[in-house]
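The values are calculated or read from the model by the stated rules, or taken from the named source; none is laboratory data. Remember, it's a predicted structure, so these values are computed and weren't measured experimentally. Cβ atoms come from the backbone with ideal geometry, glycine included; neighbour counts cover every protein chain shown.
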There are 2 protein chains.
Amino acid sequence: MQTMKQGAPWPPATMEPLTIAHQATFSVGGTVTTHPGTFTTHSMDPAGQTTHGDHAFIACQIPVDARRLPLAFLHGDGQFGRTWQTTADGREGFQTIFLRRRHSVYLIDQPRRGGAGQSTLAPTQPLVAKDQAWYEQFRIGLWPERFPGVQFSGDPEALDQYFRHMVPNTGPFDVDVAASGVAALFDKIGPGILVSHSQGGGVGWAAVLKQPEIRAVISYEPGSNFIFPRGEAPAPMPSSGGELHAVEVEPELFERFTRIPIIMYYGDYIPEQPSPNRGVDLWRVRLDMARLWAEAVNRRGGDVTVVHLPSIGITGNTHFPFSDLNNVEIADLMSAFLAEKHLDL
Amino acid sequence: MQTMKQGAPWPPATMEPLTIAHQATFSVGGTVTTHPGTFTTHSMDPAGQTTHGDHAFIACQIPVDARRLPLAFLHGDGQFGRTWQTTADGREGFQTIFLRRRHSVYLIDQPRRGGAGQSTLAPTQPLVAKDQAWYEQFRIGLWPERFPGVQFSGDPEALDQYFRHMVPNTGPFDVDVAASGVAALFDKIGPGILVSHSQGGGVGWAAVLKQPEIRAVISYEPGSNFIFPRGEAPAPMPSSGGELHAVEVEPELFERFTRIPIIMYYGDYIPEQPSPNRGVDLWRVRLDMARLWAEAVNRRGGDVTVVHLPSIGITGNTHFPFSDLNNVEIADLMSAFLAEKHLDL
């Protein structure tokens, strides 16, 4: 089925013009591997040839009169920098919203994903149809229904765009390789703030342990790699979406989490009690572990906050609060956090 | 080997600020495939699940007071939209250069590449080390030497960035699927100009036959899929980089090439006589076939020009003239062509 989209007028009615001082793309980090043998000029044989891979790909925009600390945005599983761009229903995403608010914005494609596709290892994930599984796991509803009040457009074209945001891993997912790419960005740009999502949340925790230039973390629904001091990790948490395992490091390393402000946001439709619904139940244990992790960091003098959005009266959010219909309200929360912590000077 | 880049101050000294009216990303075209069976809610099994794939991914920026016809940029083999962004040595690429010249700019990632990575078919290309083969085929020099006067930075960091521009195919390369993605963009945005590179040149010729909204083509070193009227295709052209084959279509369809202005640019170091050097010899036959193709279109009343840059005194260009050290001069040529054909109103 070929989809030809005539659709709405394009481009949409002009928005407020946006003035930027600089925009650029570049790679950071990564490795170089060499195939055994010797390269012979004119040859197509891999012998002696190199592969530059496992870097992160960065797209940055810097506004005029930028605030001091840039924002670096890291996507989750199956996604790339586009996560933060135009929403599936065509509104501005966090990239442009925060650029307008005078933040320098760096979008990261983690190693082996999207624009950072050149991997030094062959991909291992088979191609599997899973749009409907994502739909449920990303909490729009139970396919093909929508949760009551869900903050996602009912336009079928928006859902089509949404499914097309996905990209495959072009090499094995490796939290250390991904975190090294994120850390390398901060080597280049200096102090800044990491904004992460889902699987990227866990990559971000690993990056914080590598990179003191990460001065704060804002994480939307972090979903993996919660790192506890050795001996303090909670037992694996079973859910109908699988078991969630914590990770342990030496307490001296764990201390790094206590040095920066961290906030995590979780959306709606996450049950309090175990549910047979895989797509929501897996978030129940993630929210539970996020709370335990916040307590573990705060016991040692840290500054970690967990915000379950419905508990502050913000309802209908999916796994992607920053691109949901109320994403300006979600951005306002983030701006308020940055102001409260004096991170927006 | 982990590369940590401290390098030059970042961001670089402020450039002239850039004011844009709108920026957005979205997908166009593509297909939906369905795995046999019936989807059961909460299931991870592929049965009955869909895959939205084979679309093109678009990143657009529209300047204030934009010229009427937008520019849509299509990359070549192994590349994605980044081809047109920041150069490997950190200068502005055609994306920003032409945005500053008040052109609306659409960067295309063709289906199964980069940000359009979700394919409905599994990838078929094995992971093979080939940096050095690309280096020679892209005509920087014969590894590890550089051609005398080559318009590519001698900074090792630039070469590192250059190699990291590559991304794999995430599904089989299919000229028709790629051209359908390009055509779908023009369904959305209406009349515009296609700017293509290398393998994308051939995708572009196929797109022209599908899409009358493509009002002109500017192609840098088109390298495949030269389409002749049935019975007029030249014999396969042997080179030390393989044989180049022309493609044939019915003359009525071929006529479409006569309706729009087309210009092709080729760079330096392309031999006039057969050479044992694979990396340059394969371009010899492509330039030869481009000339034959221009004659074939022009015989029927078309307007096709081939510019071999050294013949107009511009030397040192690699396979990527638009990102070479003299890319502003190359952009000026393109602007002059657009003005001459009244395409820049």
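Worth a mention:
- Region B:144-173, residues that are closer than 21 Å to A:GLY115 by Cα and surrounded by 20 or more Cβ atoms within 10 Å (Cβ to Cβ): B:LEU159, B:GLN161, B:TYR162, B:PHE163, B:ARG164, B:HIS165, B:VAL167, B:PRO168, B:ASN169, B:THR170, B:GLY171
- The number of residues in region B:81-127 being modelled with pLDDT under 95 and in contact with a Pro (Cβ under 6 Å, 6 or more places away or on another chain) comes to 1.
- Among residues of region A:140-178, those that are of a type outside the set (Ser, Thr, Tyr), part of a loop (DSSP other than H, G, I, E, B) and more than 10 Å from chain B (Cβ to nearest Cβ), counted: 13
- Selected residue (criterion: nearest to A:GLU243 (Cα to Cα)) from residues of region A:174-192 that are surrounded by 24 or more Cβ atoms within 10 Å (Cβ to Cβ) and of a type in the set (Val, Ile, Thr): A:VAL177
- Total residues in region A:215-268, condition within 25 Å of A:ASN326 (Cα to Cα) and of a type outside the set (A, V, I, L, M, F, W, C): 10
- Summed over region B:32-87, the residues that are in a helix (DSSP H, G or I) and polar (S, T, N, Q) give a count of 1.
- Residue, modelled with the lowest pLDDT, within region A:13-31, restricted to residues that are facing chain B (nearest Cβ under 7 Å) and part of a loop (DSSP other than H, G, I, E, B): A:THR14
- Only a single item in (1) touching a helix residue (DSSP H, G or I) at 6+ places or on another chain (Cβ under 8 Å); (2) surrounded by fewer than 23 Cβ atoms within 10 Å (Cβ to Cβ) is not met by B:GLY37, and it is number (1).
- Of all positions in region B:293-301, none carries a residue that is within 25 Å of B:GLY154 (Cα to Cα), surrounded by 16 or more Cβ atoms within 10 Å (Cβ to Cβ) and touching a residue at least 24 places away in the same chain (Cβ under 8 Å).
- For region A:131-139, the criterion of being in a loop (DSSP other than H, G, I, E, B) and either closer than 24 Å to B:TRP10 by Cα or at the interface with chain B (Cβ under 9 Å from one of its Cβ atoms) (or both) is met by no residue.
- The one condition from (1) surrounded by fewer than 18 Cβ atoms within 10 Å (Cβ to Cβ); (2) farther than 27 Å from A:ASP176 by Cβ that A:ASN277 does not meet is (1).
- Check on B:ALA206, surrounded by fewer than 24 Cβ atoms within 10 Å (Cβ to Cβ), in contact with a Ser or Thr (Cβ under 9 Å, 6 or more places away or on another chain) and either away from every other protein chain (no Cβ under 14 Å) or outside any strand (DSSP E or B) (or both): yes
- Residues in region B:107-130 that are among the polar types (S, T, N, Q) and more than 9 Å from chain A (Cβ to nearest Cβ): 3 in all.
- Consider region A:109-123 and keep the residues that are out of contact with any helix residue (DSSP H, G or I) (no Cβ under 6 Å at 6 or more places or on another chain) and outside any loop (DSSP other than H, G, I, E, B). The one that is farthest from A:ASN326 (Cα to Cα) is A:ALA116.
- Among the residues making up region A:66-106, a single one is free of Cβ contacts under 8 Å to residues at least 40 places away in the same chain and more than 10 Å from every other protein chain (Cβ to nearest Cβ): A:ARG102.
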